[in-house]
Structures are given as structure tokens and as C-alpha cells.
Amino acid sequence: MISKRELGEFHRRLHGWFRENGRDLPWRRTRDPYAVLVSEFMLQQTTVVAVIPYYRRWMREFPDVFALAEAGEERVLKLWEGLGYYSRARNLLRAAREIVAGQGGVIPGELAGLLQLPGIGPYTASAMASFAFDRCVPVLDANIIRVVARLGNFRKPVATAHGKIELERLARSLLPATGGWLHSSALMELGALVCKPGIPDCDACPVRSFCRADSPEKIPVKPPRKAIIHERDLRIFSKTKGRVSLVPSPGPRWKGLWLLPPGTEEGKVLFELSYIVTRHKIRMTVSAGRPRSTWETFPPDNLPPMPTPHRKAVEALLDL
Ligand code: SF4
């Protein structure tokens, strides 16, 4: 890997490149730990482009941890609607309430304290330590894993326990003495803009002379993709006196959200949609049906939080 003697020059090039080329993202304009916490929860398994409007809306409505801690779960899920992986929203709310109730609204700066909070695992704790508290710790998101693995020509599978330990050691060997925020941001941005998945743009790479990868497109080594599971989901659309019938999700998928009621193969098919949740490919078929007394009804202009496929079905069928 990069020798101690070379490290200063490596940092100078990487960090200089980031200062010139790093994107102006809303959460990069602040070191407010609460704002960073919100962005880190939203960015888990979600792209930067998708997160930006949600982040802005969220910070307008819940500008600090106290505002979030006082919010009701339904309102929180409504603001999260469309972003997916709703357990993140519920955990963020729980974390805010614990921070306010147990720590007077102060978000801990140490990894151990961060790891006690709901929804915060080793990755989010290290991202918080780096991006909110400027600590020099390895932050291993998908972009940084790719960059570090390629720089070191790391040919072992990165998802195994052994692979993770070795990769973390490699990432640690690249850390500067100060300026954790700048270093993690720069590595992450290099992975997003230059050292991309598949074939990287090595000609544009500021640290090419330090890179040992001989076939970067084959790094990082990942486990084979798991097989897709196909599922069918039968639903009913029922509108009475202008109100739409919905039921609460039985969970755990979409806990706290509202869904079209479950249906059968009977009834005229009104709408079909396929969507993917983790490795499940789901074909949703919505048929016409009569309302039941156990279902709740809602006016179309004031629907509760719903997952995207169900909301799309309702929006497509409202004019029927
Ligand atoms: Fe990635 Fe290519 Fe730069 Fe190596 S030289 S870090 S493979 S972009």
C-alpha cells in the first residue's frame, strides 16, 4: 500500500482534487451533528440525487433534534414516503427521542455512544464521527470500499469477516492525522465520480500514481448475487363516497404505513405493477372490490403514509 513517506503527497492530491471537484451537497454545508445524522440515515441504500429533496423538506419541518423528537410517527413516515426502507425513519425518530430524553439533545461524538442509538451500526457511527465530529476514522461505505480496495489491489472478498478486517486496516493506513471530514468526503467523492463501479476513469484520477490495481474493474471482489424471488401480491381498490379503503400494514415490511386491502384472484383487474424490494420481485395486481367494515377509509387529498407501489395504484385509479 502507500508508504508513510508517500502519504503526505497522496493526501495533498486527493484533498486538492476534492476541493476543486467535490459536489456542493446540502449536508456538506454543515457540521451540525443532527443534520449529518439525518443525511446518513437517508443515504443508507439510497442515491444522493433521490435524497436531496427529502433532506431539504425534512430539515425545514424538523430543523433540530427537539423538533423531530416531538413529532408523531405518522408525520415522520409521511415525510419519508417514497424513500423506501421505512425502518430508517422509525429508527431516526427513536434515536432523536433517546438523544433528547437521555442526553439533553446532545448527539454523542464517540463511536461507543453513537452505537447505543437505534438504527446506528458500525458504518453510520464511523460516518457520524467523521462527518459531524471531524474524527480520523475509517468510513467504509460502498464508494470508499471500492476506492481503497483498488488502491491496494485488494483481491479478497470484501464482504467476509476477514475481508472487512483487512480492508479496514488498509483504510486506516490511509488516514491523515487531522481532518477526518475532508479525507472521508474526498475518498467518497472519488468513488462516486471517478473510481466508479465497473470501469473507472483512471485517466481523471488524482491519485493514479499511488494505485496498485492491475484490473480495477474486477475489484472489489463481491459474493455472487442471490437469486431473485418472485412474488405475487393481490390487492383491492375500493372507493366509497369518494373515500379510499386502506388497511395498516401487518409488518414487518412497511410497518406503520397503509396499504390497499388484500385481495383474491376474483374481480376485474384494474391495475398491475412490478417492483423490487431487496431481492424480491413483486407483481402487484389490483382488482375492484367491495368495502368491508374493518377497512378504514380516507379522502384522496389526505391519505396516510403509503409505500410507493400502493400510492401509485391509488393515484392511477382515483378517477375510475
Ligand atoms: Fe480507482 Fe483508477 Fe484511481 Fe485506481 S487509478 S483509484 S482504479 S480511478
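Only the coordinates and a few stated rules stand behind these numbers; no lab work does. Quick caveat: nothing in here was measured; it's all calculated off a predicted structure. With ideal geometry, Cβ positions are generated from the backbone for all residues, glycine too; neighbour counts draw on all protein chains shown.
Structure notes:
- Relative contact order [Cα under 8 Å, 6+ residues apart], the chain, whole percent: 17 percent
- Computed over the chain, the ratio Rg/Rh where both radii use C-alpha atoms and Rh is Kirkwood: 1.04
- Computed E for ASP64/ASN21 - FRET, C-beta separation, R0 41 angstrom, nearest 0.05: 0.85
- Extension gain, ARG253 back to LYS156 (0.36 nm per residue minus Cα-Cα distance, nm): 31.6 nm
- Backbone phi angles across region 308-316, fed through the Karplus curve with coefficients 6.51, -1.76 and 1.60 (θ = phi - 60°), yield HN-Hα couplings of 3, x, 6, 5, 4, 4, 4, 4, 6 Hz in residue order; Gly and Pro are listed as x.
- Each of GLY84, GLY16, PRO157 was placed along the dipole of the chain (beta-carbon charges, centred on the mean Cα), and the one lying farthest toward the positive end is PRO157.
- Projected label distance in nm at THR264 and HIS280, using a 7 Å step from Cα toward the beta-carbon: 2.3 nm
- Beta bridges per DSSP with both ends in the chain, % antiparallel, nearest 5: 60 percent
- For region 74-89, the Karplus equation 6.51 cos²θ - 1.76 cosθ + 1.60, evaluated at θ = phi - 60°, returns couplings of 5, 5, 4, 5, 4, 5, 8, 3, x, 7, x, 6, 5, 4, 4, 5 Hz by residue, with Gly and Pro reported as x.
- Applying both filters, DSSP loop and at most 12 other Cβ atoms within 10 Å, to the trypsin sites (Lys or Arg not before Pro) of region 275-320 gives ARG279, ARG292.
- FRET E, pair ASP32, ARG290, Förster distance 51 Å, beta-carbon r, rounded to 0.05: 0.50
- Figure legend: label point modelled 7 angstrom from the Cα of SER3 along Cα→Cβ; no residues of region 163-192 have amide N under 13 Å from it.
- Between SER209, SER185, SER293, the residue with the greatest mean-square fluctuation in the GNM of the chain (Cα pairs under 10 Å linked by springs) is SER293.
- Lysine pairs in the chain with Cα atoms under 16 Å, if 8 or more residues apart or on separate chains: 11
- For the chain, built as a Gaussian network whose Cα springs stay under 10 Å, the top-fluctuating residue of MET306, MET59, MET128: MET59
- Placing unit charges on the Cβ atoms of the charged side chains and taking the dipole of the chain about its Cα centre, the candidate lying farthest along the positive direction among ILE236, ASN302, TRP27 is ILE236.
- Distance between region 189-267 and region 43-77 - C-alpha centres, whole angstrom: 20 Å
- The GNM of the chain, with springs linking C-alpha atoms under 10 angstrom apart, assigns the highest mean-square fluctuation among LEU111, LEU257, LEU270 to LEU270.
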